[in-house]
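Reviewing the structure listed below.
The values are calculated or read from the model by the stated rules, or taken from the named source; none is laboratory data. Being a predicted model, the structure only gives us computed values, none of them experimental. Note that each Cβ is placed from the backbone with ideal geometry, even for glycine, and that neighbours are counted across all protein chains shown. What goes into the accessible areas is simple: the full protein's heavy atoms, side chains included, and nothing from ligands, DNA or RNA. Shrake-Rupley method; radii C 1.70, N 1.55, O 1.52, S 1.80 Å.
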Amino acid sequence: MILNYRNIFLIIAISSLIGFTYNFLNPEGIPLIKEERILQFEDEDIQHQESAISDLTDSNKIEDNEHQNNNDSEIEIDLPFSEPVAIKLPRAYELYKKGAKFIDARTKEEFAEGHINNSINIPFYESEKYESVLSTLNKNKTVITYCSGEDCDLSIMLSDELFEKGFKRIYIFYGGWIDWLKAGYPIESLNK
Amino acid sequence: MKRFISNKYLLFLLRILLGLIFIYAGAEKISDSAGFSISIANYRLLPIFTINFFAITLPWVEIVAGSMLILGIYVKENAAIITVMLTVFIIAIGISLIRGLDIECGCFGTGNQIGIQKIIENSFMFIAGWILIYKDSKLFSIKIHSSSE
């Protein structure tokens with residue numbers, strides 16, 4: 001089998017050159033060296049701070065009973081994050097009890113089989129179709145993305161996408177569906 | 001069987017089909033380079049700093065090789081390039097299936113997951129590639145006059 005290896009080399013070399021040129025000129029071009037996306041976990045100190053603050057505001061509420069707010073039942077200090085923050089099961093459950101919105105990044109089918117109670121589904125690979133759902137969410141409120149578990153990146157990718165869309169308080173529930181299920185926390189399923 | 005494979009119309013058909021598939025595949029990847037980069041990363045096979053080099057160059061190799069196949073220029077060489085790519089794809093998908101990864105193929109942009117079906121599709125193309133490497137396809141092709149033959 002006689003192949004012109006020189007030509008093979010040239011074809012690959014010239015194609016690569018075209019590729020780099022195109023990428024350079026393309027406004028949506030990607031960086032030459034891909035950066036590793038390092039998951040930032042929430043500082044334990046911050047967890048205690050936030051819990052302490054909401055404990056304080058809770059006690060204030062009890063005294064201010066006459067001045068009732070029709071808005072939220074919680075006064076949270078909603079500071080924006082600099083990037084999505086990862087959390088684990090205990091913190092996720094704590095936020096669940098406070099009424100934070102959970103977003104399931106898995107497919108429709110997986111969501112239907114079972115999801116965290118009261119969570120909504122925004123499949124990462126079809127997120128364009130869920131624009132209308134996204135617009136109903138308050139971007140200043142805390143949202144928590146999750147998918148199946150530690151090996152699943154959908155929650156991370158979805159969180160990055162939401163962050164770019166203006167959601168500034170995003171948590172990534174790292175243990176995901178698997179941890180939630182193991183702990184026996186509230187779930188619901190669309191299948192009968 | 002040998003005569004069937006040597007049929008010049010069959011060879012022409014394989015060449016055109018393979019060319020079209022790869023042009024389409026390359027174009028889809030180029031239209032979403034960032035997405036393709038993510039697809040490669042999902043396989044967790046390549047070192048992260050090398051991924052974008054492949055994400056940037058591979059689609060263009062597909063388009064150029066596919067185009068040259070259709071024009072009938074250096075058919076054996078381009079078939080060899082495509083066959084090597086297919087080998088790599090089949091191995092990568094195979095490894096990922098064994099590891100139990102439920103990831104996007106990245107073959108034609110976003111939209112389909114890996115699976116046995118992908119391996120079968122790629123295997124058919126692989127076989128077509130091999131046939132073209134051995135048999136060449138000169139029907140309706142542009143002739144390149146090179147002095148070193």
task: State all residues of the stretch A:92-109 that are touching a residue at least 60 places away in the same chain (Cβ under 8 Å), part of a helix (DSSP H, G or I) and touching a strand residue (DSSP E or B) at 6+ places or on another chain (Cβ under 9 Å); if no residue qualifies, say none.
output: A:92, A:95, A:96
task: Could you tell me whether residue A:181 is modelled with pLDDT of 85 or more and surrounded by 23 or more Cβ atoms within 10 Å (Cβ to Cβ)?
output: no
- prompt: Does residue B:98 satisfy being open to solvent by less than 60 Å² (accessible area, probe 1.4 Å) and either more than 14 Å from residue B:128 (Cβ to Cβ) or in contact with a Ser or Thr (Cβ under 6 Å, 6 or more places away or on another chain) (or both)?
  reply: no
Those residues of the stretch B:77-91 which are within 11 Å of chain A (Cβ to nearest Cβ) and either more than 19 Å from residue A:7 (Cα to Cα) or surrounded by fewer than 19 Cβ atoms within 10 Å (Cβ to Cβ) (or both), in sequence order: B:84
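Table: residues versus (1) part of a helix (DSSP H, G or I); (2) open to solvent by 10 Å² or more (accessible area, probe 1.4 Å).
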position	(1), (2)
B:17	yes, yes
B:21	yes, yes
B:27	yes, yes
B:34	yes, yes
B:40	yes, yes
B:45	no, yes
B:51	yes, no
B:55	yes, no
B:65	yes, no
- prompt: Taking the stretch A:80-98 on its own, how many of its residues are modelled with pLDDT of 90 or more and small (Gly, Ala, Ser)?
  reply: 2
field: Hits in the stretch B:108-117 - residues which are surrounded by fewer than 20 Cβ atoms within 10 Å (Cβ to Cβ) and either of a type outside the set (Val, Ile, Thr) or within 14 Å of another protein chain (Cβ to nearest Cβ) (or both)
entry: B:108, B:110, B:111, B:112, B:113, B:115, B:117
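Any idea which residue in the stretch A:146-160 is nearest to residue A:120 (Cα to Cα), counting only those that are in contact (Cβ under 8 Å) with a residue 12 or more places away in the chain and facing chain B (nearest Cβ under 9 Å)?
A:148
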query: How many residues does the stretch A:1-36 hold that are in a loop (DSSP other than H, G, I, E, B) and open to solvent by 90 Å² or more (accessible area, probe 1.4 Å)?
result: 7
task: Only residues in the stretch A:13-38 that are within 7 Å of chain B (Cβ to nearest Cβ) count as the first member; pair them with residues that are outside any helix (DSSP H, G or I), Cβ under 6 angstrom, at least 6 apart or cross-chain, and list the lot.
output: A:23/A:29
- prompt: In this structure, is residue A:53 among the β-branched types (Val, Ile, Thr), modelled with pLDDT of 80 or more and part of a helix (DSSP H, G or I)?
  reply: no
query: Among the residues of the stretch A:145-192, how many are more than 12 Å from the chain's Cα centre (by Cα) and in a helix (DSSP H, G or I)?
result: 7
